[in-house]
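Undergrad: Quick one: structure below, then a few questions.
The values are calculated or read from the model by the stated rules, or taken from the named source; none is laboratory data. Remember, predicted model here, so these are calculated numbers, not experimental data. Cβ placement follows ideal geometry from the backbone for every residue including glycine, while neighbour counts extend to all protein chains displayed. Quick note on the areas: whole protein, heavy atoms, side chains included, nothing else; ligands and nucleic acids left out. Shrake-Rupley method; radii C 1.70, N 1.55, O 1.52, S 1.80 Å.
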Amino acid sequence: PFTPAPWYKDTWEEGWPAQAPRPPSWNMTKEQRADHHPTIANQDILSEETAQCIDETFQNRWRTLMSVDDVIADTHQLCVDLGIEERTYFIYSSDHGYQLGELNLSMDKRNVYEFDIKIHLAVRGPGIPAGTTFSQPATNVDIAPTILDLAGVQAPRVDGRSLVPFLKKTADEVTAAGWRNATYHEYYYVGIGNKCGQEHPIESPDNNFIAVRYQSNSKFGNILYAEFTTGEKGPGFIAFDTINFYELYDMDKDPWQMTNIYNSTTQEMKDALHNDVHQWLQCKGGDCL
């Protein structure tokens, strides 16, 4: 939820943006979205009323984060007061990104696109150099083995891998070279309704997907590939053995995923991508990169 605390509900300082960002994919025509799966292709043109709702949502999410900042500050100060700051790890992230008008999705999440799957990770603690970053791709499945590693406990058989070598800058060239160059994403339709006065729901039953976000150093280059199937019963009932729609994006040329190039790619490429995403679907533990 994005309900600001009462003392922040009207806060908006001079110099803060008056509206949500308007990237190239904001409020596209139906013709521009015709090559996307039905959840996207069927969305309405954003009306003035919907745009105002998007901007209000953007501002209230910002205001709500001010309370999150307060909690972070209070938690840090408590650790200082208890004398445990220098032996405590602070980890901040999220479970998803968010959409505010991109591809005509007024708000919410649940989509395969970069604005929904890309999230932050900020970590502070003993042995982590201040102000450093790393470029290797990570996902939420890496959090558990990372926390266990920081605690000195060996992780059981899980899908993720510890990020500690990158956080503490102890990764050698072999570790870095052997790290994954793609991330896997899987989602099942849950039936979210209309948002911000739009006629169509924010997702339709076609929005079940398996996808891989390949990085520039992967064998496929910097792309996003996704397969969609239709169904309403969720995990355990949807096997992705019948694919109703495919999407492929060149993330160098099309970072906002506006032009689906699947139909123009070679059959050899299509087969390779299909086989790869289904290997990700079936993998477990150490078999997953």
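Undergrad: Checking Cys196 against (1) at pLDDT 95 or above; (2) closer than 28 Å to Gln43 by Cβ, only one condition comes out false. Which one?
TA: Tallying (1) at pLDDT 95 or above; (2) closer than 28 Å to Gln43 by Cβ, Cys196 fails exactly one: (1).
Undergrad: I've got another one for you. Pick from region 19-54 the residues that are among the small types (Gly, Ala, Ser) and under 25 Å from the mean Cα position of the chain (by Cα): which of them is nearest to Met258 (Cα to Cα)?
TA: Across region 19-54, the extreme among qualifying residues is Ser25.
Undergrad: Ok, one more. Of the residues Ala41, Ala18, Ala34, which single one is more than 19 Å from Ser67 (Cβ to Cβ) and at pLDDT below 95?
TA: Ala18
Conditions (1) touching a residue at least 60 places away in the same chain (Cβ under 8 Å); (2) at negative phi; (3) small (Gly, Ala, Ser); (4) not in a helix (DSSP H, G or I), marked per residue:
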{"position": "Asp10", "(1), (2), (3), (4)": "no, yes, no, yes"}
{"position": "Glu13", "(1), (2), (3), (4)": "no, yes, no, yes"}
{"position": "Pro24", "(1), (2), (3), (4)": "yes, yes, no, yes"}
{"position": "Lys30", "(1), (2), (3), (4)": "no, yes, no, yes"}
{"position": "Asp35", "(1), (2), (3), (4)": "yes, yes, no, yes"}
{"position": "Gln43", "(1), (2), (3), (4)": "yes, yes, no, yes"}
{"position": "Glu49", "(1), (2), (3), (4)": "yes, yes, no, no"}
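Undergrad: Filtering region 52-74 down to residues that are open to solvent by less than 60 Å² (accessible area, probe 1.4 Å) and among the β-branched types (Val, Ile, Thr), which residue is nearest to Thr139 (Cα to Cα)?
TA: Ile72
Undergrad: When you scan region 265-279, do you find a residue that is more than 30 Å from Glu31 (Cα to Cα), among the basic types (Lys, Arg) and surrounded by fewer than 17 Cβ atoms within 10 Å (Cβ to Cβ), even just one?
TA: Among the residues of region 265-279, not one is more than 30 Å from Glu31 (Cα to Cα), among the basic types (Lys, Arg) and surrounded by fewer than 17 Cβ atoms within 10 Å (Cβ to Cβ), which makes the answer no.
Undergrad: Let me ask something else about it. Only one of Glu199, Glu186, Glu227 is open to solvent by 20 Å² or more (accessible area, probe 1.4 Å), within 30 Å of Thr266 (Cα to Cα), touching a residue at least 40 places away in the same chain (Cβ under 8 Å) and of a type in the set (Asp, Glu); which?
TA: Details: Glu199 fails: within 30 Å of Thr266 (Cα to Cα); Glu227 fails: open to solvent by 20 Å² or more (accessible area, probe 1.4 Å).
Going through Glu199, Glu186, Glu227 in turn, just one is open to solvent by 20 Å² or more (accessible area, probe 1.4 Å), within 30 Å of Thr266 (Cα to Cα), touching a residue at least 40 places away in the same chain (Cβ under 8 Å) and of a type in the set (Asp, Glu): Glu186.
Undergrad: Out of the residues in region 77-111 that are in a strand (DSSP E or B) and open to solvent by 40 Å² or more (accessible area, probe 1.4 Å), which is nearest to Ala151 (Cα to Cα)?
TA: Pass one, region 77-111, residues in a strand (DSSP E or B): 90-93, 102.
From what's left, open to solvent by 40 Å² or more (accessible area, probe 1.4 Å): 91-93.
Working: Ile91: 13, Tyr92: 17, Ser93: 19 Å.
Result: Ile91.
Undergrad: Follow-up question, since we're still on this one. Within region 115-161, can you find the residues that are outside any loop (DSSP other than H, G, I, E, B), crowded, with 16+ Cβ neighbours inside 10 Å and not aromatic (Phe, Trp, Tyr)?
TA: Answer for region 115-161, where residues must be outside any loop (DSSP other than H, G, I, E, B), crowded, with 16+ Cβ neighbours inside 10 Å and not aromatic (Phe, Trp, Tyr): Asp116, Ile117, Leu121, Val123, Asp142, Ile143, Pro145, Thr146, Ile147, Leu148, Asp149, Leu150.
Undergrad: Still on this structure, please answer the following. Based on this model, can you work out whether Ile147 counts as among the hydrophobic types (A, V, I, L, M, F, W, C) and touching a residue at least 60 places away in the same chain (Cβ under 8 Å)?
TA: no
Undergrad: Need pairs with beta-carbon distance below 9 Å; first residue within 26 Å of Pro23 (Cα to Cα) and within region 83-105, second open to solvent by less than 20 Å² (accessible area, probe 1.4 Å) and aromatic (Phe, Trp, Tyr); sequence gap 6+ or separate chains.
TA: That search, which allows pairs on different chains as well, returns Gly97/Tyr113; Gln99/Tyr113; Glu102/Tyr113; Leu103/Tyr113; Leu105/Tyr113.
Undergrad: Shifting gears a bit: Looking only at region 205-224, which residues are in contact (Cβ under 8 Å) with a residue 40 or more places away in the chain and not in a loop (DSSP other than H, G, I, E, B)?
TA: Once the filter is applied, which keeps residues that are in contact (Cβ under 8 Å) with a residue 40 or more places away in the chain and not in a loop (DSSP other than H, G, I, E, B), region 205-224 yields Phe209, Ile210, Ala211, Val212, Arg213, Leu224.
Undergrad: From the list Asp74, Asp55, exactly one residue is at pLDDT 95 or above, assigned to a helix (DSSP H, G or I) and farther than 30 Å from Pro23 by Cβ. Which is it?
TA: Working: Asp55 fails: farther than 30 Å from Pro23 by Cβ.
On inspection, the qualifying residue turns out to be Asp74.
Undergrad: Could you tell me whether any residue of region 225-240 is in contact with a helix residue (DSSP H, G or I) (Cβ under 8 Å, 6 or more places away or on another chain), closer than 24 Å to Pro38 by Cα and assigned to a loop (DSSP other than H, G, I, E, B)?
TA: Yes.
Undergrad: Go through the residues of region 9-21 one by one and say whether even a single one is within 30 Å of Thr229 (Cα to Cα) and open to solvent by less than 50 Å² (accessible area, probe 1.4 Å). Walk me through how you get there before you give the answer.
TA: Restricting attention to region 9-21, the residues satisfying the condition of being within 30 Å of Thr229 (Cα to Cα) are none.
The answer is no; no qualifying residue exists.
Matching residues to (1) without any contact (Cβ under 8 Å) to a residue 60 or more places away in the chain; (2) among the basic types (Lys, Arg); (3) more than 30 Å from Thr175 (Cα to Cα):
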| position | (1), (2), (3) |
| --- | --- |
| Ile243 | yes, no, yes |
| Thr259 | no, no, yes |
| Leu281 | no, no, no |
| Asp287 | yes, no, no |
